[in-house]
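The values are calculated or read from the model by the stated rules, or taken from the named source; none is laboratory data. Note that the structure is a prediction, hence the values are computed from the model and not measured. No Cβ is skipped: glycine too gets one built from the backbone with ideal geometry, and neighbour counts run over all protein chains shown.
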Amino acid sequence: MRPAIHVSPARGWLNDPNGLCRHRGVWHAFYQHDPNTDTHGRMHWGHATSTDLIRWRDQPVALAPDDLGEIYSGSVVIDEDDTAGFGAGALVAVFTHHFVEDGRQVQRQSLAFSLDGGTSWDTFGGNPVLESSEPDFRDPKVFRFAPSGDAAWVMVLAVGDVVQFFRSPDLRAWEQAGSYRLPVESTHPLECADLLRLDDPTDPAWLLTVALVDVGPFGHSGTVGVIGDFDGSRFTPRSAPWSIDHGPDFYAAQSFSGVAGAPVIMGWLNSWRYAKLLPSLGRRGTLSLPRRIERANAPGAAPITVRPAVELRGAPVDPPHWTSVPGRALTVAADGDVRVRIVGGHGDVATLSIDDHGLLLERQGEVPHFAQSYRAPITLHRDHLVVIDHGTLEVFASGGASVTSALVLTGRDWSVEVEGDATLVEV
């Protein structure tokens, strides 16, 4: 029942992706993790690696709680020029230390480094490197900013209801450079902000992404995006915020460092409305497929397209029926009307319909807030890709202009039935 082509823990709990990076041909996915319980507890950084973004190998826990607190979300950069003094080419993790003191939440930013390509990690003796009196002060996403040769490290940080930007020459000393208030109503603080450069040759821009607990459909967790300009200190929006995924289960997205060209992101496939209530066999939590982000400039289209970052190849399947296989996933590709039924031991688990009226996902399950229907627009009625893994459903419609992600409660044995002219491939 473990997902075949998605990051998930062998045991314990998983939530937000952390420290995503590509280093010497290896993709690293760290993540929020409690190895000792299947619900959110004492946060560590779990770790998985891949050479192809499809098959993932479990690695030992990378970072564990210490005297400064639990290890909350953060990012990893490759310090090629040894700006931090840990060694040229060191992997440096910038993360939030979290603890509670006298009933008050304290969050501050710290460093750890690896000199062996991410296998082992040492925490910096000078931690923390950035502090604040704000109780919600977390999830640093760091990248190198060098538009004209004057390079600096930039940190994007979620601070209460604003995004703050900090600069540093060496990853140790940080100064605030600017801030941006997201014009979105929420009763929860911002989380997991990221800033991605979109290198469109005719109109380069930046994409700011922010996670909010309650902005998705039916109050589920969601990730919003804003297109804008960034000068190294200030973000100036060009667009209104919009949800980059129309489903209930795409949260806390983060981009990979060390990637040339179009950004690649992953998110947590879950919603805080039921994340702790899902059925468990000693583990909970799955990350999304890696997704490539590209700018879209067609009139009336979404500002970006989102597609799987790899071509999902495999063995063709004779439609219209596929029975699940441990360690394998299924893709369904269609250029017109298509209907996909996921059937479990007690009947339909989920039904997906795509036609010229749009996309409709109807999902079943006894978990609270789970059995709901989700709709999404489509801009072009062609180039639809559906990826179904054990417990997950991701739909990239209209060439990636419309994306819907959802968990599905398949149980141990399940099957897929497809109506319409579609190509099925077992991955």
query: Any residue at all in region 65-75 that is polar (S, T, N, Q), outside any loop (DSSP other than H, G, I, E, B), surrounded by 24 or more Cβ atoms within 10 Å (Cβ to Cβ) and in contact (Cβ under 8 Å) with a residue 40 or more places away in the chain?
result: yes
Residue 157 closer than 20 Å to residue 105 by Cβ and touching a residue at least 12 places away in the same chain (Cβ under 8 Å): yes
message: among the aliphatic types (A, V, I, L, M) and either farther than 18 Å from residue 160 by Cα or touching a Gly at 6+ places or on another chain (Cβ under 8 Å) (or both): is that true of residue 205 in this structure?
response: yes
query: Can you name the number of the only condition in (1) in a strand (DSSP E or B); (2) of a type in the set (A, V, I, L, M); (3) surrounded by fewer than 19 Cβ atoms within 10 Å (Cβ to Cβ); (4) touching a Phe, Trp or Tyr at 6+ places or on another chain (Cβ under 9 Å) that residue 361 fails?
result: (3)
Matching residues, region 25-83, being within 20 Å of residue 142 (Cβ to Cβ) and among the charged types (D, E, K, R): 70, 79, 80, 81, 82
message: Criterion first (touching a residue at least 24 places away in the same chain (Cβ under 8 Å) and acidic (Asp, Glu)) does residue 58 satisfy it?
response: yes
field: Residue list for region 307-334, filter: assigned to a loop (DSSP other than H, G, I, E, B), loosely packed, with under 15 Cβ neighbours inside 10 Å and small (Gly, Ala, Ser)
entry: 327
task: Please state which one of 85, 89, 118, 103 is on the phi > 0 side of the Ramachandran plot and either in contact with a Ser or Thr (Cβ under 8 Å, 6 or more places away or on another chain) or among the polar types (S, T, N, Q) (or both).
output: 118
task: Filter region 335-348 for residues that are out of contact with any strand residue (DSSP E or B) (no Cβ under 8 Å at 6 or more places or on another chain) and part of a strand (DSSP E or B) and give the result.
output: 344, 347
Subset of region 212-237 [within 19 Å of residue 162 (Cβ to Cβ) and not hydrophobic (A, V, I, L, M, F, W, C)]: 214, 222, 223, 225, 228, 229, 231, 232, 233, 234, 236, 237
field: Residues satisfying the stated conditions in region 177-190, i.e. surrounded by fewer than 20 Cβ atoms within 10 Å (Cβ to Cβ) and either among the acidic types (Asp, Glu) or more than 19 Å from residue 231 (Cβ to Cβ) (or both)
entry: 183, 184, 185, 186, 187, 188, 189
message: Among the residues of region 376-390, are any outside the structural domain of residue 55 (by TED's automatic domain parsing), within 25 Å of residue 2 (Cα to Cα) and assigned to a loop (DSSP other than H, G, I, E, B)?
response: yes
- request: Could you tell me whether region 233-253 includes any residue that is among the β-branched types (Val, Ile, Thr) and surrounded by 19 or more Cβ atoms within 10 Å (Cβ to Cβ)?
  value: yes
field: Residue, modelled with the lowest pLDDT, within region 87-104, restricted to residues that are among the β-branched types (Val, Ile, Thr) and closer than 15 Å to residue 138 by Cα
entry: 100
field: Qualifying residues in region 103-145 (those that are of a type outside the set (D, E, K, R), surrounded by 20 or more Cβ atoms within 10 Å (Cβ to Cβ) and touching a Pro at 6+ places or on another chain (Cβ under 9 Å)) - the one nearest to residue 89 (Cα to Cα)
entry: 111
task: Go through (1) assigned to a loop (DSSP other than H, G, I, E, B); (2) under 18 Å from the mean Cα position of the chain (by Cα) and name the single condition residue 41 misses.
output: (2)
